[in-house]
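Reading through the structure tokens given below for one structure.
The values are calculated or read from the model by the stated rules, or taken from the named source; none is laboratory data. Everything numeric in this text was worked out from a predicted model, so none of it was measured. Note that each Cβ is placed from the backbone with ideal geometry, even for glycine, and that neighbours are counted across all protein chains shown. Please note that ligands, DNA and RNA were not included when accessible areas were found on the heavy atoms of the full protein model with its side chains. Shrake-Rupley method; radii C 1.70, N 1.55, O 1.52, S 1.80 Å.
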Amino acid sequence: MKITTILTAAALALVPALGSACQWHEKQAMTCAEGSAYDSDSHSCKVVTG
């Protein structure tokens, strides 16, 4: 009974950690309005001049 409880507690403790690790690699598409481009440094759209 103790081993089952310990393994269950360990599994429940690891699930959120594994879930957050997957979010680090998630990429999301960004569409900017005409006349602007995505700036990866600021993570937003910037007006393109020139």
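Please verify whether segment 14-33 includes one or more residues that are modelled with pLDDT of 85 or more and in contact with a Lys or Arg (Cβ under 9 Å, 6 or more places away or on another chain).
Yes.
Please find, within segment 34-50, the residue that is most open to solvent (accessible area, probe 1.4 Å) out of those that are assigned to a loop (DSSP other than H, G, I, E, B) and at pLDDT 80 or above.
Per the criteria, the residue is E34.
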